[in-house]
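Following: one structure in structure tokens, then a few remarks.
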Amino acid sequence: MKQIAQPLHGGGPHLVTVPPPAVRPGGVLVRTAYSLVSAGTDRLVAGLAGKSLLGKARSRPDQVRRVLGKLRTDGLNATLDAVRARLTDSLPLGYSAAGTV
């Protein structure tokens with residue numbers, strides 16, 4: 001399955017291959033025919049990805065508080081590992097879709 005993703009460490013969105021989602025009991029799987037990206041939400045994600053680490057911290061004080069809490073409970077090394085792992089992730093873009101069940 002193909003998906004557009006925005007790397008959090010910067011750079012532009014790119015196409016990635018991901019495994020198809022698992023169908024839970026009572027759920028349905030939709031073969032997407034069309035999908036849209038949000039001019040607001042996805043632009044915000046792209047803007048955040050283009051910022052420096054300090055810029056990211058300034059724009060997301062809630063995340064800074066979470067990091068400080070993790071630092072107090074888990075220590076410096078575990079916190080740095082978690083932050084680095086999170087910043088190397090990519091966020092999927094797009095959320096409005098139409099298709100066939």
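Of everything in the stretch 24-47, what is within 25 Å of THR88 (Cα to Cα), open to solvent by less than 70 Å² (accessible area, probe 1.4 Å) and not charged (D, E, K, R)? Give them in sequence order.
Across the stretch 24-47, the qualifying residues are SER38, ALA39, GLY40, VAL45, ALA46, GLY47.
Check off (1) in a loop (DSSP other than H, G, I, E, B); (2) over 22 Å from ARG84 (Cα atoms); (3) not aliphatic (A, V, I, L, M) for TYR34 and give me the number that stays unchecked.
(1)
Could you check, for the stretch 2-10, whether at least one of its residues is within 18 Å of TYR95 (Cβ to Cβ), free of Cβ contacts under 8 Å to residues at least 24 places away in the same chain and not β-branched (Val, Ile, Thr)?
Yes, some residue in the stretch 2-10 is within 18 Å of TYR95 (Cβ to Cβ), free of Cβ contacts under 8 Å to residues at least 24 places away in the same chain and not β-branched (Val, Ile, Thr).
Would you check which residues across the stretch 76-101 are more than 18 Å from the chain's Cα centre (by Cα), more than 30 Å from VAL30 (Cα to Cα) and surrounded by 11 or more Cβ atoms within 10 Å (Cβ to Cβ) and list them?
ALA78, THR79, LEU80
In the stretch 11-23, what residues are exposed (fewer than 10 other Cβ atoms within 10 Å of the Cβ) and either under 14 Å from GLY94 (Cα atoms) or touching a residue at least 40 places away in the same chain (Cβ under 8 Å) (or both)?
LEU15
What's the total number of residues in the stretch 37-51 that are touching a residue at least 24 places away in the same chain (Cβ under 8 Å) and charged (D, E, K, R)?
The total comes to 1.
Looking at the stretch 63-82, I want the residues that are closer than 19 Å to LEU8 by Cα and have a partner that is surrounded by 11 or more Cβ atoms within 10 Å (Cβ to Cβ) and among the polar types (S, T, N, Q) with Cβ atoms under 9 Å, at least 6 apart or on another chain. Which pairs are those?
VAL67/THR79
Take the residues in the stretch 46-63 that are closer than 20 Å to ALA5 by Cβ and in a loop (DSSP other than H, G, I, E, B); name whichever of them is modelled with the highest pLDDT.
Here the answer is ARG60.
The values are calculated or read from the model by the stated rules, or taken from the named source; none is laboratory data. This is a predicted model, so every value here is computed, not measured. In this analysis, Cβ positions are derived from the backbone assuming ideal geometry, glycine residues included, and neighbour counts consider all displayed protein chains. Remember, those area values only see protein heavy atoms, side chains included, never the ligands or the DNA or RNA. Shrake-Rupley method; radii C 1.70, N 1.55, O 1.52, S 1.80 Å.
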